[in-house]
Every structure is written in structure tokens, then in C-alpha cells.
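This report refers to the structure that appears directly beneath it.
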Amino acid sequence: MKNKNDYVHTVITKVFAILILIICTNMLIGSATATSDAAIQITDVAGYEKAPSFSPDGKYIAFESTESGNTDIWIIDTTTLEKTQVTFDPSEDTYPKGWSPDSRRITFTSKRSGNMDIWIIDVDGTNPIQVTTYPGYDFYSSFSPDGTKIAFTSTRSGNSEIWYIDENGAHQVTNDPNQDNMIPSWAPNSRSILFRSTRSGNGDVWMIDYDGTNLTQITTHPGEDWGASFSNDGKHITFDSERTGNMEIWIMDADGSNLAQLTYSGGIDMCNIWSPDNKTIAFWSDRNGNGDIFILDTTAKIKENRLQAGLLLVIIIGFLGYLGTQSKRKGR
Ligand SMILES: [Ca+2]
Ligand SMILES: [Ca+2]
Ligand SMILES: [Ca+2]
Ligand SMILES: [Ca+2]
């Protein structure tokens with residue numbers, strides 16, 4: 001009987017080991033062999049369309065486009081895909097990365113003052129307001145979700161740092177004179193700001209509170225990581241990264257777990273931003289020859305991650321339980 005029990009034990013152990021191997025192999029092969037994504041292209045003109053951002057009501061995506069002959073801010077209706085030009089100034093108007101909470105105003109970067117400054121404009125193209133007046137570079141601005149602050153990047157301290165402006169004026173957030181800090185993006189709490197810094201020796205995503213406290217490194221890969229954005233429910237972070245040798249967009253849980261690659265194209269995929277319903281991201285890609293705006297459903301990847309983690313956990317718990325039973329039996 002003892003020999004038969006040992007035989008059964010060995011067979012079950014092998015079956016569990018093979019199951020774990022199959023699951024792990026599937027997880028590795030699944031991530032290694034994915035070569036395409038299901039991104040949907042929503043602009044299709046000859047020039048470069050870049051820097052998308054969703055209005056908080058989800059009705060529009062603002063983006064920059066060279067369709068008019070110079071770089072201007074445009075919006076596209078997310079249902080009808082009808083485009084409307086918002087700025088008409090002959091200078092460069094770029095980075096419309098932030099909407100006011102009421103979806104009526106857009107903050108963007110413009111050279112119309114003679115150098116790069118932050119501006120706000122009504123979505124119908126009226127009431128342009130200059131927000132910064134520093135003679136150097138001020139760029140890449142976004143409203144905090146509560147609408148009380150605008151974060152931006154500025155070189156006014158001597159190198160590229162994160163700043164914000166509110167009713168009391170401009171305030172410096174990061175202070176790292178030897179490294180560049182850029183691409184600020186607000187967390188849903190209107191307190192923390194994701195940004196890109198080279199302070200670890202290579203480009204990584206970091207987070208800091210607007211008052212300069214709670215500096216935290218978010219990504220640690222030796223490859224170059226760029227702009228990041230929080231989902232509006234705070235559960236996920238997407239970020240642009242060159243860690244594969246090509247600029248792609250990655251997703252992870254807010255605690256850094258369940259890291260997965262979202263885009264797969266031979267071109268550039270970057271400037272990720274979440275939709276208000278947390279189901280899709282918008283980004284720009286030159287995968288079809290020139291820069292255009294794309295949207296990509298994130299829900300399938302999040303479900304796949306959860307399923308893989310859940311299956312692995314069930315098998316490991318089952319295996320440990322089985323081993324426990326066997327050792328008790330042997331101890332009798
Ligand atoms: Ca322009
Ligand atoms: Ca300036
Ligand atoms: Ca890195
Ligand atoms: Ca284009």
C-alpha cells in the first residue's frame with residue numbers, strides 16, 4: 001500500500017508541477033509573442049497629430065495638429081469624430097494636456113508671446129489668457145482635477161523643473177539642479193503629480209506632492225521611461241517607455257504590480273492619457289506613417305492580468321495544500 005501511495009503522490013506532484021509550468025509558460029509566451037494591439041485610429045490627416053487629452057465630460061479629445069499649416073489646438077468629438085480648430089495663431093500652439101473640470105477651457109503651450117508660455121483658452125476659441133510671462137521655456141501644462149492649480153514645466157530656475165501656478169502665483173515643486181524634471185501629470189487627489197526625471201541615472205517616472213513632499217520613485221527600469229498618467233479612479237498608471245528599444249505604452253497597478261505592455265507597433269506610441277470612464281487611453285502614434293491620435297481599450301489587458309494572477313494563486317495554494325496533506329499522512 002505504501003508503494004501505491006508513494007506512486008499516487010508522485011503522479012499528483014508531477015501534475016501540479018506541469019500545471020504551474022504551463023501557466024507560467026503561457027504568461028511568458030503571451031507577453032513575449034503579442035505583436036499587435038487593438039488601437040483605433042481617430043484622426044487621419046497628413047501632418048502630425050499629437051498630445052491628446054480627454055475633456056472631463058468625455059465628449060472631446062483635445063490635441064495638437066499641423067493640419068492648418070502651423071501647429072494649432074484642435075478638438076475631436078469622441079462620438080462623431082468631427083474635428084474643430086480651437087486656435088488660429090500663426091505661432092506654435094502645442095501640448096493641450098489639460099482641461100478645466102467643467103470641460104469649458106483648455107490649457108496649452110504657445111509661442112505667441114515671443115517665447116514658450118502657458119495659456120488658457122475657451123473651447124470655442126475665445127478668451128485666450130496668458131498664464132506665465134517668464135521669458136524662458138514654460139511648457140506642458142495641466143489643470144489639477146479640482147481646477148485650483150495648473151502644473152507645468154519651466155526652466156526659470158536654470159534647468160527643467162516642475163512648477164504649479166495658482167491664484168497666489170507660481171511655485172516651484174521639484175528642485176534638482178543637476179537633472180531634468182518634466183511632463184507633470186496630476187493624480188486624482190489633486191495633490192500628487194507624476195513626472196519624468198533622470199535623477200536615478202536614467203529616465204524614470206516619479207511622483208511628488210505639489211508642496212514638494214513625498215517624493216517617490218515609481219519606475220526603476222534602466223530603460224528610458226517618459227510621461228505617465230493616472231486612471232481617474234487612481235487604480236492604474238500608464239506610462240511611455242523605451243525599455244523594449246521602441247517607444248511603447250505600458251500599464252501597471254498604482255502600487256507597481258501587474259506591469260504589462262499595452263501597445264505593440266514598430267512606430268512611436270506615446271503621450272498616454274486616460275478617458276474619464278477609466279476604460280480607454282488616448283495616445284499618438286506614427287505607426288501608419290505620420291502622427292495620429294489613437295484610442296485603446298485597457299479593460300481586456302487589466303482582466304487578463306487579474307486572471308493570470310488569480311489562476312497562479314489558486315494553483316500555488318492547491319499545491320501547498322496538497323503537500324501539507326501528504327506530510328501529515330507521512331507523519332502518521
Ligand atoms: Ca498656431
Ligand atoms: Ca516663458
Ligand atoms: Ca528608467
Ligand atoms: Ca496625421
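The values are calculated or read from the model by the stated rules, or taken from the named source; none is laboratory data. Bear in mind the structure is a predicted one, so any value in this text is a computation, not a measurement. Glycine gets a Cβ as well: all are built from the backbone with ideal geometry, and neighbour counts include every protein chain shown.
The residue that is farthest from ligand 2 (Cβ to nearest atom), counting only those in the stretch 133-144 that are assigned to a loop (DSSP other than H, G, I, E, B) and in contact with a Ser or Thr (Cβ under 7 Å, 6 or more places away or on another chain), is 144. Every condition in (1) more than 10 Å from ligand 1 (Cβ to nearest atom); (2) touching a strand residue (DSSP E or B) at 6+ places or on another chain (Cβ under 8 Å); (3) modelled with pLDDT of 95 or more holds for residue 93 except the one numbered (1).
Residues of the stretch 270-304 that are within 10 Å of residue 50 (Cα to Cα) and of a type in the set (D, E, K, R): 286, 292.
Being β-branched (Val, Ile, Thr), more than 9 Å from ligand 1 (Cβ to nearest atom) and on the phi < 0 side of the Ramachandran plot is true for just one of 87, 80. Which residue is that?
Numbers: 87 fails: more than 9 Å from ligand 1 (Cβ to nearest atom).
Checking each option against the conditions leaves just 80.
What residue, among those in the stretch 249-273 that are polar (S, T, N, Q) and assigned to a loop (DSSP other than H, G, I, E, B), is surrounded by the most Cβ atoms within 10 Å (Cβ to Cβ)?
Going through the qualifying residues, I end up with 263.
Applying the criterion of being among the charged types (D, E, K, R) and part of a strand (DSSP E or B) to the residues of the stretch 238-248, the residue that is nearest to the chain's Cα centre (by Cα) is 240.
Of everything in the stretch 307-326 that is under 30 Å from residue 271 (Cβ atoms) and touching a residue at least 24 places away in the same chain (Cβ under 8 Å), the residue that is surrounded by the fewest Cβ atoms within 10 Å (Cβ to Cβ) is 309. Within the stretch 93-111, the residues that satisfy the criterion of being charged (D, E, K, R) and surrounded by 16 or more Cβ atoms within 10 Å (Cβ to Cβ) are 93, 97, 105, 111.
If I filter the stretch 44-63 for residues that are without any contact (Cβ under 8 Å) to a residue 24 or more places away in the chain, more than 16 Å from residue 141 (Cβ to Cβ) and away from ligand 3 (no atom under 16 Å from the Cβ), do I get at least one hit? Give the derivation first.
Kept after step one, since they are without any contact (Cβ under 8 Å) to a residue 24 or more places away in the chain, are these residues of the stretch 44-63: none.
There is no residue in the stretch 44-63 that is without any contact (Cβ under 8 Å) to a residue 24 or more places away in the chain, more than 16 Å from residue 141 (Cβ to Cβ) and away from ligand 3 (no atom under 16 Å from the Cβ).
Of all residues in the stretch 145-173, those satisfying the criterion of being assigned to a loop (DSSP other than H, G, I, E, B) and farther than 18 Å from residue 187 by Cα are 155, 156, 157, 158, 159, 160, 167, 168. A single entry from 71, 126 fulfils the requirement of being β-branched (Val, Ile, Thr), without any contact (Cβ under 8 Å) to a residue 24 or more places away in the chain, surrounded by 14 or more Cβ atoms within 10 Å (Cβ to Cβ) and more than 16 Å from ligand 2 (Cβ to nearest atom): 71.
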